[in-house]
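See structure below.
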Amino acid sequence: MFPSMRSWLVALMLCLVGLPAGAQRLPPSVTPTHYSLWFAPDLANATFRGRESIEVTVPSRVTAITLHAAEIAFDAVTVEDAVGPQTAKVLLNEAAETATFAVPRALASGTATIRVAYTGVLNDKLRGFYLSQANGRHYAVSQMEATDARRAFPCFDEPAYKATFDITLMVDTGDTAISNGRQVSDTPGPDPGKHTVVFAQTPRMSTYLVALLVGDFACRSGQAAQTPIRVCATPDKLGLTAFALSAAEQQVAFFNRYFDIPYPYAKLDIIGVPDFAAGAMENAGAITFRERLLLADEATASVDVRKSVASVIAHEIAHQWFGDLVTMAWWDDIWLNEGFATWAANKPLAAWKPEWRMDVNAATETQTALGLDALQATRAIHTDVQTPAEINEVFDPIAYEKTAGVLNMIEAYVGPDKFREGVSSYLKKYSEGNASGEDFWLEMTRVTEKPVNRIMQSFVNEIGAPLLSVASRCVDGATEVSVRQQRFVGASGPVPPAAAAERWTLPVCVETAGGPASCALITEVAQTMRAPGCGTAMVNADARGYYVTEYEPSAVAALSARTPPLTAPERISLLGDEWRLVRAGRHDVGTYLDLAAAWAGDPTPAVLAEAASRVSFVRGAVADGPQQARVQAWIQGTFRPVLDRIGIDPGPGDDDDINSRRGTLWQLLSADPQLQAHARERAEAYMANPSSLPPTLVAPVLQAAAQGGDAGLYDAYLARMKASSDAPEEYYRYFNAIGLFTDPSLVARTLRFALSADVRSQDTPLLLGQLLGSSATQDPAWAFVQKEWPALTAKLGTFQGMPNIVGALGGFCSESRAAEIRSFFETHPLPEAARVLERSVERIRSCAEVRARQAPALGRWIERR
Ligand SMILES: [Zn+2]
């Protein structure tokens, strides 16, 4: 604080009055070109000292430089221009998270150097430069995205202010340091008990990509082309780094070829961090990870863990080009970063492990996005954002999965080779710089010579997803398909006028049984397409389109029974579309249940998982009291024969797909007392002998047993979980089962446990989210969240995890709960979750409406059977 500088403060306030309300953008005058950063973390006292010099360009004569700073205590600031150095006065604006350095003499235009000595806090809120703990010791690690680099060093903390960075860390003897650049020297001192690690200068990059890690990390080394690669972890987990390393080696080599640009940084480190708010972070050359998503023993890992580890690494490695080398100019285009990385992650995996069926994965991701886009509280892909809270909220499935779905559609439309060529050309054009969404689609349009700009403009700026209502008939040996488009609204009732006026430009591909797909660009409200041959038309060939298709119910039945059958992505797409039409009140729930029954024995695990989750929802949320037993009997009669056919217990030749399907069926059918008892036996056998179950089946069995479990099983799970702290997959198998016990006294124990020091703050939202998401446990969980709101906020901060808890409230299903939740947040406002709250309230209301509307249809369907 600088209480003696009243006159400066008045000047600053006058200056701020001129800015639009809520704006926190820096004034566009002074720009940084280079940072030299020196850090000396004090792990014992959770603080650090920092020294920095920033080379800036001063375009005109200015007397004040404003940059970002938060939780920084300034010791001394000087600004030196061609004339000489001046001591600056520091004016802080806590609300805007800025500091203004004011000098008595106007600076000469040209270059200047800002020198700052300061101290900062190694906080416990997992943002900026923060403290992590494991194995009885402290680590200092960082997470800068989106707006937290300003907590580690005063900076121009906006993505367009790219600069080069020289980074130096003075750390305890015996500890290592990792940053973005290659290590160039490591010398003892200068302080006693310390050594100084200097890293090579980085290429130009944004502040949110700076990485700082200090501790006793141990690394496994490898290489791809000329790039040295290491996967690092706390020393007890070094044995779990081999799988991630082999994935990273394959992926860097793959993307070198795909982008036709060599990996842009001098080395790649990938580090598992014990406490980490996000899943992973693409810091240039120093990717950080939540341990659970990085560290796995390939020999004993389930297929789900192997896939998620490889997939998240691929997402972060793709960012090294798309995001790090070329960066969006502002956060309103975050979709460009995140959607592209989500789309691209499937590419190297499809080449590496074809059996993982990444095309099915892409179809499932599109369904995730369509689920959110069905809400009124969705948003356009491009959304204006200004404040850190607003910026934080656009890291949502619209930025990730929806954009990935749109890119997937455009790749199918222009062809994979042309698409790759366009991406490569865009990256070369804007290397080490910034670009906007428009820059991307204009380059794609130029290279592909197709109207990608019109398609992308419409999908990026329109809110929601198109609904295509289709009818097809046979005319002269060809199928004529009439298509009508409108905004899909996932609730009954009139479509709001603004939504009714929306139109998309979209490529649609129609395929009749056995024939080649016919594609057309739909631009009008109503259009007619023709496909060769007669038969039931699939109006989203290969499930590459981002839209909901509405068929006549008779066409749905015909598609489910078609020969040759729909592809697995098409089956995912049709199941997803039908479910959305049920929720919107456009189709009856019976149409969906018949479709689910037709594919109960589907060989693709994701198809069964999609159907099983909806069928569970019908049983739990749609069926009223007497209907529940009838639906349960139908589930038993439909899905149990499938489980019997593939075998309740694993057989010697079973592959991952069989075990995945078996796991899904165990969970769907676990209400059956006989299967429940069997799950308990298998769970106990596993705890006594871990090789008694194939890895992919362990989590489903532990979870199925938990649903009817008693205190004895609960205590056994807790004990096994605590004993597995050095093996993330095993730890989370138990952690994820703890929240499924439904006995009220055990639920109360789980709630207390979630808030206790025994659960890392990164994991508290996972446990509470699970309890809030299940009808069996959500009432006590919501009571607990309200009562413990201050303690939760103290443990998590407002950014980390709290929005996830608000999101999980969307699992309720009554108008009264929706009203109660809204009124709670009127007195406990959380700007960081404003959008999420709207979405949760809408989901609750939609569920209540679905129950009211579909319960009679369900009754009729039951009677017909
Ligand atoms: Zn990402």
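Computed over the chain, the convex hull of the alpha-carbon atoms projects to a mean area of 36.5 nm².
To the nearest ten degrees, helix 303-321 and the longest principal axis of the Cα atoms of the chain are 40 degrees apart.
Residues whose amide H falls under 5 Å from that of Thr47, counting only those 5 or more places apart or on a different chain, are Asp42, Leu122, with hydrogens built in the peptide plane.
For the stretch 170-218, relative contact order (Cα pairs under 8 Å, six or more residues apart, normalised by length) works out to 46 percent. Among the GluC sites (Glu not before Pro) within the stretch 43-110, those in coil by DSSP and having at most 14 neighbouring Cβ atoms inside 10 Å are Glu94. Compared with the dominant principal axis of the Cα atoms in the chain, helix 673-688 is inclined by about 40°. Each part reduced to its alpha carbon centroid, the stretch 287-342 and the stretch 599-655 end up 32 Å apart. Between Val495 and Ser221, the contour length at 0.36 nm per residue exceeds the alpha carbon distance by 92.9 nm. The 3J(HN,Hα) values that the Karplus relation (6.51, -1.76, 1.60; θ = phi - 60°) gives for the stretch 724-732 are, in residue order, 10, 5, 8, 9, x, 4, 5, 4, 6 Hz. Gly and Pro appear as x. Taking amide H as placed 1.01 Å from N in the peptide plane, the amide H of Thr549 sits under 5 Å from that of Leu468, each at least 5 places away or on another chain.
Add +1 for every Lys or Arg and -1 for every Asp or Glu among the other residues with Cβ under 11 Å from the Cβ of Pro85, and state the total. Around Pro85, the surrounding residues sum to 0. For the stretch 205-244, relative contact order (Cα pairs under 8 Å, six or more residues apart, normalised by length) works out to 32 percent.
Sequence-distant contacts, meaning Cα pairs under 8 Å at least 6 residues apart, place the relative contact order of the chain at 8 percent. Compared with the dominant Cα axis of the chain, that is its longest principal axis, helix 589-598 is turned about 80°. Close amide H partners of Met205, meaning residues 5 or more places away or on another chain with modelled amide H under 5 Å apart, are Ala163, Thr164. Taking GluC sites (Glu not before Pro) across the stretch 360-449, the ones in a DSSP loop with at most 15 further Cβ atoms lying within 10 angstrom of their Cβ are Glu432, Glu449. Going through the stretch 156-201, which trypsin sites (Lys or Arg not before Pro) have at most 16 other Cβ atoms within 10 Å and a DSSP loop state? Listed in order of number, the matching sites are Arg182. Each 5 Å bin from zero holds the following percent of Cα-Cα pairs in the stretch 515-664: 1, 8, 17, 18, 19, 14, 10, 6, 4, 1, 0, 0.
With both residues required to sit in the stretch 180-317, DSSP beta bridges show an antiparallel share near 60%. Compute the separation of the alpha-carbon centres of the stretch 518-583 and the stretch 151-215 and state it in Å as a whole number. Here the answer is 53 Å between Cα centres. For the stretch 97-109, 3J(HN,Hα) computed residue by residue from phi via the Karplus equation (6.51, -1.76, 1.60; θ = phi - 60°) reads 6, 10, 10, 10, 9, 10, 10, x, 9, 4, 6, 5, 5 Hz, glycine and proline entered as x. Given the stretch 265-372 reduced to its alpha-carbon atoms as identical point scatterers, what log10 I(q)/I(0) does the Debye formula return at q = 0.10, 0.23, 0.24 Å⁻¹? Result of the Debye calculation: -0.30, -1.41, -1.44.
This ranking places Met687, Met721 by how few other beta-carbon atoms lie within 10 Å of each, fewest first, which gives Met687, Met721. Per-residue ellipticity at 222 nm computed for the chain from its helices equals -13500 deg cm²/dmol, with DSSP H segments shorter than 4 residues left out and the rest contributing -39,500 (n - 2.57).
Read-outs throughout are calculated quantities, based only on the coordinates presented, and are distinct from any laboratory measurement. All of these numbers come straight from a predicted model, not from anything done at the bench. Neighbour counts run over all protein chains shown; Cβ positions are idealised from the backbone, glycine included.
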